[in-house]
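The values are calculated or read from the model by the stated rules, or taken from the named source; none is laboratory data. Note that the coordinates shown come from a computational prediction; the quantities given were computed from them, not determined experimentally. As a convention, Cβ positions derive from the backbone with ideal geometry for all residues, glycine included, and neighbour counts pool all protein chains shown.
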Amino acid sequence: MTTQQTSRISGFYKLALSERVSRVAAWAGLTPEEQQALLGVSGLNAEQAGNMIENVIGVYALPLGVATNFLINGQDYLIPMVIEEPSVVAAVSNAARLFREGGGFTASSDEPVMIGQIQVLDVPDVQAAAQAVLAKQDLLMAEADRVGGSIVKHGGGARGIEVRPFPDTPAGPMLVIHLLYDTRDAMGANAINTAAEHLATQVEAITGGRVNLRILSNLTDHRKARAEGMIPAAELATDSLTGEQVVKSIVEAGVFAAIDPYRAATHNKGIMNGIDPVVIATGNDWRAIEAGAHAYAARDGQYTSMTKWWQDEDGNLHGSIEIPLAVGIVGGATRVHPAAGLALKIMKIQSAWQLAEIIAAVGLAQNLAAMRALATVGIQQGHMRMHAKQIAVAAGATSDLIPRVVQTMIEEGNIRLERAKALVQEFCQSL
Ligand code: MEV
């Protein structure tokens, strides 16, 4: 009998870099070569990069961390995150630990259905054109499947046609046709764009109009993921606040983001602090995810929070998130960038929708981390320590000196480069 590995690892951050890599390698069964790729010794080189984009002159590295403690749908996960911002990985790991106390995250997702948009102009009667398109939807879907290639072979392909008439626009009457297309394990941008472009001739014949744009929509609201979780109130208590008080403050913070777009933007930025790093680590298109997430947050005409927070009858805190998440595990950079493949391996990803569900849970956890800090000690306390660490490194402190320099600067309330340099000199002399 094999026992399931746990992602509940306390003190992971205290381990030496090589020890952290060994632990993750043991977790995911990484080969020595794969470990070297993680460490940046091998990994993406400029030549491979030249096959990804144009005019390559090098590669640009970012920190790759691992979030611990995640329990999602009963399964433990270590979650690779690529991000330049201090505190995010530590905070999300801590939040995942709190959700774990409430049983972990429950996550689900829609079928991976994308939208391809076809813009039709010069149609005198958009309603009649819309009806004509619907009457021919089977033909259009069959035609889209004809150019679907491997996605259709893997069970994906056209799932429906939607029509959206705009009788009166500055460009005249406009009919927008949506091709709904299941792209399975691919993000699917190429497949959906190919299908949309291919349908143009038939659409013109059916509507008598002129097709202009044919492109996917990043508002992938047929392809959403959701996650939900509970934190026992007692887990949220601090030295000076009861768990009940913290739950109340977090629920109030949630209402602030729900009603005020100025707060919602920052609140959602914090959620994307969790989402983007996993999207980037897996080689997915984070601009697409950002565009979809924010557009969905404004779907009712007012930009609002991507999450909901409430207190249950036992006084515990509940949170949920629902966002469009078009991520893939085949195609694009996911398989070209060596580290992206490793990120998928570390999470033991089997499907694109499993990845989307994990990402939703990370977004929710990141939001909790930010709100908990904001509703209690404020955000600066944690940030200042990391900031001080960066200053200490910039001042030339070696790893044995960094903690002393950081601690001294924090105690003095003087986190400045000049002070760090002076401390490095002073401590070096006393060694
Ligand atoms: C900082 O990167 C993110 C936060 O501003 C998010 C929030 O305010 O909820 C802390």
Test: residue in region 78-99 that is out of contact with any helix residue (DSSP H, G or I) (no Cβ under 9 Å at 6 or more places or on another chain) and more than 19 Å from Ile280 (Cα to Cα): no
Hits in region 258-288 (condition: buried (at least 23 other Cβ atoms within 10 Å of the Cβ) and farther than 20 Å from Ala95 by Cβ): Thr282, Gly283, Asn284
Search result, residues across region 167-199 that are charged (D, E, K, R) and touching a residue at least 24 places away in the same chain (Cβ under 8 Å): Asp182, Arg184, Asp185
Selected residue (only one of Gly11, Gly29 is more than 21 Å from Lys345 (Cα to Cα) and small (Gly, Ala, Ser)): Gly11
Pick from region 230-257, criterion closer than 21 Å to Tyr296 by Cα and crowded, with 18+ Cβ neighbours inside 10 Å, ranking: farthest from the ligand (Cβ to nearest atom): Gly254
Which listed residue, of Glu85, Glu111, is of a type in the set (D, E, K, R) and under 19 Å from Gln350 (Cα atoms): Glu111
Selection within region 313-342 - over 16 Å from the mean Cα position of the chain (by Cα), surrounded by fewer than 23 Cβ atoms within 10 Å (Cβ to Cβ) and under 22 Å from Arg372 (Cα atoms): Glu313, Asp314, Gly315, Asn316, His318
Cβ pairs under 7 Å, 6+ apart, first in region 235-258 and more than 14 Å from Asn367 (Cα to Cα), second of a type in the set (Ser, Thr, Tyr): Thr238/Thr376; Leu241/Thr376; Val246/Thr238; Val246/Thr376
Region 123-169 - residue that is assigned to a strand (DSSP E or B) and not basic (Lys, Arg) and, of those, surrounded by the most Cβ atoms within 10 Å (Cβ to Cβ): Ala158
Candidate set from region 346-383 (those that are part of a helix (DSSP H, G or I) and either of a type in the set (Asp, Glu) or surrounded by fewer than 17 Cβ atoms within 10 Å (Cβ to Cβ) (or both)); member that is modelled with the highest pLDDT: Glu357
Options Ile275, Ile271, Ile289, Ile280; residue that is in the same structural domain as Pro80 (by TED's automatic domain parsing), assigned to a helix (DSSP H, G or I) and within 12 Å of the ligand (Cβ to nearest atom): Ile271
Selected residue [part of a strand (DSSP E or B) and farther than 21 Å from Trp286 by Cβ] from Thr6, Thr68: Thr68
Identity of the residue in region 170-210, outside any loop (DSSP other than H, G, I, E, B) and hydroxyl-bearing (Ser, Thr, Tyr), that ends up nearest to Met114 (Cα to Cα): Tyr181
Flag for Ile177 being closer than 16 Å to Gly209 by Cα and crowded, with 23+ Cβ neighbours inside 10 Å: yes
